[in-house]
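S.K.: What follows is a structure written as structure tokens; I'll ask about it next.
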Amino acid sequence: MEEVFVLELPLQIEKYQEDILNKRYEQLRQLYNYVQGKLLRQYRYFEQMKEYQTCKTFKEKRDFFRSHPFHINGVYGNNKELLDITFDEYGINGFVGKMGKKLVNADTTYADLGITSTLLDRLSLAIWAAWEKMLYDYHAKRISFKKYGELNIFGSRKKTNGSGKKMFSGMELHLETMTLSIKLNGKVGKNAKFITLPILHNPKHVDYEMMALKGGFDSVKVITVVRRMVRGRYKYYLQMSIEGEKPKKGRTLGKGNVGIDLGPTTIAVSSENIASIDKLASECDNIEVEKKRLGRKIDRSRRANNPGNFNEDGTIKRGVRLTWNDSKRYKALRREMTELQRRQAAIRKQQHINRANALLKEGDTFIVENNQISGWTRKAKETKVNEKTGRIQKKKRFGKSVANHAPAMFVTILENKVKSLGGEVVKVDTQNAASQYDFTNNSFEKHELKERSVTLSNGDTHQRDMLAAFNLQHLKYDEAEKKQYDREAMAQHYERFCELEQEEIMRYKSKEKKDDRSTIGAEKI
């Protein structure tokens, strides 16, 4: 299967073009909600059927939907009879494809506004993704409708027209002039109306972008126009799905195994040259403090403008239809919160990319435990009472930490980079108990979560996460049995690991002191 990668480039937009694009996003949002409303009504009907209620497995559900096609008034197939619709990807795609004929007003359809069948194909993918999760994921509870401004992407895939020419329906991509033309009506030839948007290059990455486009128009399979809110204004980007080998940036992999121990907020690494522990996405912590402060402002503003919507105990009234009055200050605070969330996501991702790039030179095989990170976020089920205070202990675990530092995202970024350079990321079972293993006497000893240091049988004390990374580095992951470690290699590399660990602990302590001084200085200012 041919490799596919995505290249994103900014678009230069004038004010009148921005208004046209925003109108297109709004039209697609309305279509999305219209289709979801029709499908949800039919699904509620199926839920009441005894035949559906007896379906226990996913396969039984799929068989039920395929054997129970339904119709929606006004939606006809090619045979001029009511279209058969089923709750699967193809049935929903066929339904959405007919929405081009839906009237926007008395004499205008969506097709007349330039919304072609391929644009509707991309919309149907988002609709089916929501239903697939709803039908076949136990954690999904309901179908959500998109609020104003929440649909921010539309696109087209390449197809062959009647004359055998490959093209993007509803859009024209010209790589020679680096422009994108978007169709605004349903006419063809000289009567077709377009807006033309220049495609910009990033001055720092022009060479990379030109290498990515060396295959020309034929290598581009899908194009999408993405809208993002940046510092209170919309910015627009062109994403191109390109078939072929992704351009290299001159990075190379090292040699040897690298052990990685991930926590909710930290990452410990062990290789032949380094033993390190550091925070994941450390720059996001300050932004989280700002978000909490801003969230309290937003809540106070909302309560001040809508006192009748809250009970005496401060909770929102339920069971009645509420009208919310949003002040200008409230809207401004919400925009500020949106910008903070965007900045936090961008900084988090960039820090993960930088850390992954720095680790590439340490080895070509990266070993990490296959932790179910979503399990770290779940609340404890058992109710425990603190013996000292007599109070019930909190059931919260690491939900906020995982959300702020995104360890799973880091693993995905690292895996993509390593695989593209010919290396391997090995996800091993947690039953290998890397944090419990003592190679000096080949034994396993459980430690409580609060124990951050571990003493081996030879009397040496180590930081728990760095020791786990050292153990993972020497795990025999290709063995059929679990808990198999290369003790000879560990004894050979142990002295070097101890030296590197002491250097890292000294560096970490000095870094914490600097952070404390900067915090004290900021408080004085």
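S.K.: Which residues, counting only those in region 176-223, are hydrophobic (A, V, I, L, M, F, W, C), open to solvent by less than 60 Å² (accessible area, probe 1.4 Å), closer than 21 Å to ASN161 by Cβ and free of Cβ contacts under 8 Å to residues at least 40 places away in the same chain?
M.R.: Passing the criteria: only ALA192.
S.K.: Mind checking which residues of region 68-85 are aromatic (Phe, Trp, Tyr) and either more than 38 Å from the chain's Cα centre (by Cα) or open to solvent by 60 Å² or more (accessible area, probe 1.4 Å) (or both)? Even if it seems obvious, please write down each step before you answer.
M.R.: Taking region 68-85 and keeping what is aromatic (Phe, Trp, Tyr), we get 70, 76.
Answer for region 68-85, where residues must be aromatic (Phe, Trp, Tyr) and either more than 38 Å from the chain's Cα centre (by Cα) or open to solvent by 60 Å² or more (accessible area, probe 1.4 Å) (or both): just TYR76.
S.K.: Something else: Check TYR138 against each of (1) open to solvent by less than 20 Å² (accessible area, probe 1.4 Å); (2) of a type in the set (Phe, Trp, Tyr); (3) farther than 15 Å from PHE65 by Cα and name the one condition it does not meet.
M.R.: Among (1) open to solvent by less than 20 Å² (accessible area, probe 1.4 Å); (2) of a type in the set (Phe, Trp, Tyr); (3) farther than 15 Å from PHE65 by Cα, the lone unmet condition for TYR138 is (1).
S.K.: Of the residues GLY100, GLY114, which single one is crowded, with 17+ Cβ neighbours inside 10 Å and at positive phi?
M.R.: Values: GLY100 fails: at positive phi.
Criteria check complete, one pass: GLY114.
S.K.: From the residues in region 432-449 that are touching a residue at least 40 places away in the same chain (Cβ under 8 Å) and not hydroxyl-bearing (Ser, Thr, Tyr), which one is nearest to GLN463 (Cα to Cα)?
M.R.: Step one: filter region 432-449 for residues touching a residue at least 40 places away in the same chain (Cβ under 8 Å), giving 432-435, 437, 439, 442.
Filter once more, keeping what is not hydroxyl-bearing (Ser, Thr, Tyr): 432-434, 439, 442.
Working: ASN432: 19, ALA433: 16, ALA434: 13, PHE439: 15, ASN442: 19 Å.
For region 432-449, the residue satisfying everything is ALA434.
S.K.: Looking at GLU2, GLU51, can you tell me which residue is touching an Asp or Glu at 6+ places or on another chain (Cβ under 6 Å) and exposed (fewer than 12 other Cβ atoms within 10 Å of the Cβ)?
M.R.: Details: GLU51 fails: touching an Asp or Glu at 6+ places or on another chain (Cβ under 6 Å).
Sole residue among the options that is touching an Asp or Glu at 6+ places or on another chain (Cβ under 6 Å) and exposed (fewer than 12 other Cβ atoms within 10 Å of the Cβ): GLU2.
S.K.: Also: For region 359-381, indicate whether the set of residues that are under 30 Å from GLY232 (Cβ atoms) and in contact (Cβ under 8 Å) with a residue 60 or more places away in the chain is non-empty.
M.R.: Step one: of region 359-381, the residues under 30 Å from GLY232 (Cβ atoms) are none.
No: region 359-381 contains no residue that is under 30 Å from GLY232 (Cβ atoms) and in contact (Cβ under 8 Å) with a residue 60 or more places away in the chain.
S.K.: Does any residue in region 129-147 that is more than 20 Å from GLU60 (Cβ to Cβ) come within less than 6 Å, Cβ to Cβ, of a residue that is among the β-branched types (Val, Ile, Thr) six or more places away or on a different chain, and which pairs are these?
M.R.: Note: pairs meeting the criteria are ALA130/ILE143.
S.K.: Do you know which residues across region 56-67 are free of Cβ contacts under 8 Å to residues at least 40 places away in the same chain and surrounded by fewer than 16 Cβ atoms within 10 Å (Cβ to Cβ)?
M.R.: LYS56, THR57, LYS59, GLU60, ASP63, ARG66, SER67
S.K.: Being open to solvent by less than 80 Å² (accessible area, probe 1.4 Å) and within 20 Å of ALA212 (Cα to Cα) is the filter here, so list the residues in region 5-20 that pass it.
M.R.: If the condition is that a residue be open to solvent by less than 80 Å² (accessible area, probe 1.4 Å) and within 20 Å of ALA212 (Cα to Cα), then PHE5, LEU7, GLU8, LEU9, PRO10, LEU11 are the ones that fit.
S.K.: Give region 151-165 a look and list any residue that's surrounded by fewer than 12 Cβ atoms within 10 Å (Cβ to Cβ) and either touching a residue at least 40 places away in the same chain (Cβ under 8 Å) or among the polar types (S, T, N, Q) (or both), or say none. Step through it out loud before you land on a result.
M.R.: First, pick out the residues of region 151-165 that are surrounded by fewer than 12 Cβ atoms within 10 Å (Cβ to Cβ): 160-165.
THR160, ASN161, SER163 - these are the residues of region 151-165 that are surrounded by fewer than 12 Cβ atoms within 10 Å (Cβ to Cβ) and either touching a residue at least 40 places away in the same chain (Cβ under 8 Å) or among the polar types (S, T, N, Q) (or both).
S.K.: Being in contact (Cβ under 8 Å) with a residue 40 or more places away in the chain and more than 30 Å from THR266 (Cα to Cα) is the filter here, so list the residues in region 285-341 that pass it. Give the derivation first.
M.R.: At the first step, the residues of region 285-341 found to be in contact (Cβ under 8 Å) with a residue 40 or more places away in the chain are 285, 287-288, 290-291, 294-295, 335-341.
If the condition is that a residue be in contact (Cβ under 8 Å) with a residue 40 or more places away in the chain and more than 30 Å from THR266 (Cα to Cα), then ARG335 is the only one that fits.
S.K.: If you take the residues in region 303-333 that are in a helix (DSSP H, G or I) and open to solvent by 70 Å² or more (accessible area, probe 1.4 Å), which one is nearest to ILE347 (Cα to Cα)?
M.R.: Step one: list which residues in region 303-333 are in a helix (DSSP H, G or I), which gives 303-305, 307-309, 328-333.
Checking the rest, the ones that are also open to solvent by 70 Å² or more (accessible area, probe 1.4 Å) come to 303-304, 307, 328-329, 331.
Details: ARG303: 32, ALA304: 33, PRO307: 37, LYS328: 29, ARG329: 27, LYS331: 24 Å.
Across region 303-333, the extreme among qualifying residues is LYS331.
S.K.: So which helices (runs of 4 or more DSSP H) are wholly in region 334-436 and hold at least 1 residues that are among the aliphatic types (A, V, I, L, M) and crowded, with 18+ Cβ neighbours inside 10 Å?
M.R.: Values: elements: 373-377, 399-405, 407-420.
The qualifying helices (runs of 4 or more DSSP H) are 399-405, 407-420.
Yes/no per residue for (1) open to solvent by less than 10 Å² (accessible area, probe 1.4 Å); (2) of a type in the set (Gly, Ala, Ser); (3) not in a loop (DSSP other than H, G, I, E, B):
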| residue | (1), (2), (3) |
| --- | --- |
| ARG228 | no, no, yes |
| GLN239 | no, no, yes |
| ILE242 | yes, no, yes |
| PRO247 | no, no, no |
| LEU253 | no, no, no |
| PRO264 | no, no, no |
| VAL269 | yes, no, yes |
| ASN273 | no, no, no |
| ILE277 | no, no, yes |
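S.K.: Can LYS292 be described as within 19 Å of GLU336 (Cβ to Cβ), of a type in the set (Lys, Arg) and part of a strand (DSSP E or B)? Before you say what the answer is, go through the steps one by one.
M.R.: Values: within 19 Å of GLU336 (Cβ to Cβ): yes; of a type in the set (Lys, Arg): yes; part of a strand (DSSP E or B): no.
So LYS292 does not fit the description; no.
The values are calculated or read from the model by the stated rules, or taken from the named source; none is laboratory data. As the structure is a computational prediction, the values presented were derived from the model and not from experiment. Backbone-built Cβ (ideal geometry, glycine too); neighbour counts: all protein chains shown. Surface areas here come from the heavy atoms of the whole protein model, side chains and all, with no ligands, DNA or RNA. Shrake-Rupley method; radii C 1.70, N 1.55, O 1.52, S 1.80 Å.
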